Amino acid sequence: MTESAGSLELEMLQSLFAYNHWVNDLLLDQVEKVPADRLQERMGGGFESIQGTSAHILQGELFYYYRWIGEQQPRDRRPSELASIAELRALWKEHRGLIDRFLENLTAEQLRMPLRYGRRGGEASYELPLWKVMLQMVNHGTHHRAELANMLTRVGLEPPQTDLIVFFEHLSAMPLT
């Protein structure tokens, strides 16, 4: 692979994670508007409530980040144990800084390096290039953000546009016509 191809891979990955941060912030802005008595309302889906689904998205990001760096997630980093959306947002902001620093120091060679890990329960071990495991973080969040958008609609809020192209248009300040 050429050096320019490696640079393009890094740029695309960094853009995807910038999008991930942006869309999480947009949805958290809406979640903060949800009446407190509806945050824990059981609405179905994998994590039942707006707060539960929000916490699960962050938990997934923490899980994958710590897998990337080969460490166990600290016990004090359990989003499901947080009492409020404000606490969740604060942990997300801290976590976002960790991801950004990781991405700033990442090289194209590191993206291709194999990452060896075991699945929960120890039933199998895998070895994949780091970039594939990194993409899973964004993919996981996309699935659960769709569930969250549905829940927001059900409590009477309009979820924001979360398309990747809207993010790129936002960055370029290109007006939508």
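3J(HN,Hα) along the range 148-156, derived from phi through the Karplus expression 6.51 cos²θ - 1.76 cosθ + 1.60 where θ = phi - 60°, amounts to 5, 4, 4, 5, 4, 4, 5, 9, x Hz, with x in place of Gly and Pro.
Placing unit charges on the Cβ atoms of the charged side chains and taking the dipole of the range 29-85 about its Cα centre, the candidate lying farthest along the positive direction among Gly44, Ser84, Ile69 is Ile69. Values of log10 I(q)/I(0) for the range 126-177 across q = 0.13, 0.19 Å⁻¹ run -0.50, -0.82, by the Debye formula with one identical scatterer at each alpha carbon and no solvent.
Considering only GluC sites (Glu not before Pro) in DSSP loops that have at most 16 other Cβ atoms within 10 Å, the longest stretch of the chain without any of them is 124-177.
A Cβ-based charge dipole, computed about the Cα centre of the chain with Lys and Arg at +1 and Asp and Glu at -1, lands at about 480 debye.
Kirkwood radius, the chain, all distinct C-alpha pairs, inverse of mean reciprocal distance: 17.5 Å. Across the range 40-164, Cα pairs under 8 Å and at least six residues apart give a relative contact order of 27 percent. Residue-wise HN-Hα couplings along the range 32-44, as the Karplus relation 6.51 cos²θ - 1.76 cosθ + 1.60 with θ = phi - 60° gives them from phi, are 5, 8, 6, x, 3, 6, 9, 5, 9, 4, 6, 10, x Hz; Gly and Pro carry x. Here the range 79-177 is treated as a sphere whose radius is the Kirkwood value from Cα pairs; by Stokes-Einstein at 20 °C and 1.002 mPa s it diffuses with a coefficient of 126 µm²/s.
Since every read-out is calculated from the coordinates, none of them should be taken as a lab result. Small disclaimer: the values here were computed from a predicted structure and weren't measured. Heads up, the Cβs are rebuilt from the backbone with ideal geometry, glycines too, and the neighbour counts pull from every protein chain shown.
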